[in-house]
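J.: Quick one: the structure is below, questions incoming.
Quick note: the coordinates plus some simple rules give every number you see, no bench work behind them. Note that this is a predicted model, so its numbers are computed, not measured. Using ideal geometry, Cβ is built from the backbone for each residue, glycine included, and neighbour counts are taken over all protein chains shown.
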Amino acid sequence: MDAKSKRLFITNGAKNTIDIVDISNIKKPKLVKSVSLASKGVTGIQSVAAMNGLVVAATSVGEKTAAGRVFMMDVDGKLLASAPKGVEVGALPDSIHFSPNGRYVLTANEGEPKNYCLTGGVLTESSDPLGSVSIIDTKAAKIVAKTLDFSGYKDRLNGIIYAGGRVYGPGASVAQDLEPEYIAISKDSKTAWVTLQENNSIATVDLESGVITGISGLGFKNYNTEGTGIDPSDRDNERRVRAVPAYGMYQPDAVAVARLGGNDYLFTANEGDAREWPCLMGGTDPKVAEAEDVRYGANATDKSLTSNENLGRLTVTPFTPANVTGTIVTTKTPVAAAYSLGARSFSVWKAPTFEGVFPAQLVYDSGNLIEKKVLEVN
């Protein structure tokens with residue numbers, strides 16, 4: 001929304017347009033126009049943001065593994081003359097954000113793969129591009145993006161795993177595997193925090209220097225306590241939240257930041273997400289998608305827990321941390337421990353300020369509050 005013009009800017013996935021809606025009369029919103037970027041080669045509009053009369057859109061041009069583009073326009077949908085062809089950013093810009101001072105525009109470029117099929121024994125960047133974060137300085141004389149990837153963390157795989165993160169795409173480098181999803185920016189516009197959803201981590205970016213300064217692993221939530229238990233089955237004919245011997249990977253999508261008592265805190269929605277791409281689970285056909293998430297009852301090593309009334313119906317991952325990083329995973333790989341995708345909660349974390357790879361500091365988690373509220377109203 002742009003407060004000055006009192007207009008909403010909405011991505012329309014069905015028509016691949018940006019819809020401009022006048023909300024000056026909040027009781028009677030009115031569609032002003034729909035803006036198409038098809039003539040610019042845009043094949044997908046992932047996200048849009050507006051501030052101080054400037055509207056920015058994160059788009060895909062051609063294949064999703066190719067570099068994306070940010071288009072900048074006024075509140076009437078007219079492209080800026082300073083960037084008529086858009087600004088090149090990383091592959092698959094999934095979300096776009098203004099810094100609070102309006103100076104920077106940031107995109108989280110997911111760089112998700114089209115498959116994990118190897119070419120000559122190598123996973124090429126045309127199959128799995130680098131995840132990245134792009135920074136556009138709107139006050140610069142020339143409007144260009146500085147795109148930051150994770151190549152500097154190529155030797156930190158074990159550190160990320162030890163800190164409670166995940167790196168597990170078959171054949172993928174650390175820089176290929178890390179997938180930025182969403183961004184929160186500090187009130188002083190100096191620092192950004194980027195969720196790496198599939199990787200169960202958050203990256204820290206220094207906006208003034210344009211450097212990714214740290215990666216924080218989020219660790220795993222223990223469902224085997226009274227305050228964190230879950231209802232793991234849809235086949236037991238019971239509405240019962242209980243402690244179970246399983247864990248949840250936080251894997252947040254959206255993140256927000258607030259400054260309280262002199263410290264920044266991150267608020268995460270722990271959605272969870274599973275990968276589903278060709279060649280992910282040991283196959284070789286680039287046209288056949290293979291899903292990461294499996295029922296725990298299918299291949300669990302502990303057969304005492306695999307009934308539908310117990311954990312058999314719980315959707316879990318066979319990759320790290322259920323198995324050692326680097327294990328070749330197929331549809332028949334035994335699942336040694338139950339790690340669900342997502343934590344069925346929201347969390348508060350102390351915003352990382354350190355440099356390097358460290359575990360994130362959890363301040364609060366809603367436990368099974370959401371689970372119980374759903375049971376109350378349903």
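J.: How compact is segment 1-124 by the rule of thumb for globular proteins, expressed as Cα Rg over 2.2 N^0.38 Å?
T.: Taking the Cα Rg and dividing by 2.2 N^0.38 Å, one obtains 1.16.
J.: For segment 245-255, in order, what is each residue's ³J(HN,Hα) by Karplus, 6.51 cos²θ - 1.76 cosθ + 1.60 with θ = phi - 60°, in whole Hz (x at glycine and Pro)?
T.: x, 8, 10, x, 8, 4, 6, x, 9, 6, 9
J.: Go through segment 20-35 residue by residue and turn each phi into a ³J(HN,Hα) via Karplus (6.51, -1.76, 1.60, θ = phi - 60°); whole Hz please, and just put x for glycine and proline.
T.: 9, 10, 7, 10, 4, 10, 4, 7, 9, x, 10, 5, 7, 5, 10, 9
J.: Next up: May I have the extent of the alpha carbons of the chain along their three principal axes, as whole Å values ordered from largest to smallest?
T.: Principal axes ranked by extent give 65, 54, 41 Å for the Cα atoms.
J.: Also: Given the peptides 177-190, 37-50, arrange them by the average over their residues of other C-beta atoms within 10 Å, most packed first.
T.: The peptides rank, most packed first, as 177-190, 37-50.
J.: Using each residue's phi in segment 266-278, evaluate 6.51 cos²θ - 1.76 cosθ + 1.60 at θ = phi - 60° and report the 3J(HN,Hα) Karplus result to the nearest Hz, with x for Gly and Pro.
T.: These are the phi-based 3J(HN,Hα) values: 9, 10, 10, 9, 8, 5, x, 7, 10, 7, 8, 9, x Hz.
J.: With a bin width of 10 angstrom, please list the P(r) values of segment 254-378 as percents of all Cα-Cα pairs, from the 0 bin to the one holding the largest distance.
T.: 12, 29, 31, 22, 6, 0
J.: Near the amide H of Gln46, under 5 Å away, which other amide H atoms are found, from residues 5 or more places off or on another chain, if H is placed in the peptide plane?
T.: Ala58, Thr59, Ser60
J.: So how do Tyr247, Tyr168, Tyr364 line up by other beta-carbon neighbours within 10 Å, fewest first?
T.: Tyr364, Tyr247, Tyr168
J.: Of the peptides 66-74, 4-12, 101-109, how do they stack up when ordered by the mean number of other Cβ atoms within 10 Å, highest first?
T.: 101-109, 66-74, 4-12
J.: Mind listing the long-range amide H neighbours of Thr124? Cut-off is under 5 Å, sequence gap 5 or more, other chains count too, H placed in the peptide plane at 1.01 Å from N.
T.: Amide H neighbours of Thr124: Thr119.
J.: Run the numbers on the chain and let me know its relative contact order in percent, using alpha-carbon pairs under 8 Å that are six or more apart.
T.: It comes to 11 percent, rounded to a whole number.
J.: Which whole number in µm²/s is D for segment 317-378 by Stokes-Einstein, with the Kirkwood Rh taken over Cα pairs at 25 °C and 0.890 mPa s?
T.: 165
J.: For segment 17-162, what does the relative contact order come out to in percent, with C-alpha contacts under 8 Å and a separation of six or more?
T.: 16
J.: Further question on the same structure: Within the chain, what percent of beta bridges assigned by DSSP are antiparallel, to the nearest 5?
T.: Percentage antiparallel, nearest 5: 95.
J.: Which values of log₁₀ I(q)/I(0), to two decimal places, follow from the Debye formula for segment 38-188 at q = 0.15 Å⁻¹ with a uniform point scatterer at every Cα?
T.: Here log10 of I(q) over I(0) equals -0.78.
J.: Please work out how much length the chain gains when fully extended from Lys139 to Ile26, using 0.36 nm per residue of separation minus the C-alpha to C-alpha distance, in nm with one decimal.
T.: Gain in length upon complete extension: 37.4 nm.
J.: Which entries in the list Lys142/Lys187; Lys114/Lys146; Lys27/Lys373; Lys350/Lys372; Lys287/Lys332; Lys40/Lys139 go over 29 Å, if you measure between the two C-alpha atoms of each?
T.: Long pairs (Cα-Cα over 29 Å): Lys27/Lys373.
J.: Most exposed first by the Cβ proxy, i.e. fewest other Cβ within 10 Å, how do Lys373, Lys146 rank?
T.: Lys373, Lys146
J.: Oh, and also: Please compute one quarter of the surface area of the Cα convex hull for segment 212-323 and express it in square nanometres.
T.: Projected area, direction-averaged: 10.6 nm².
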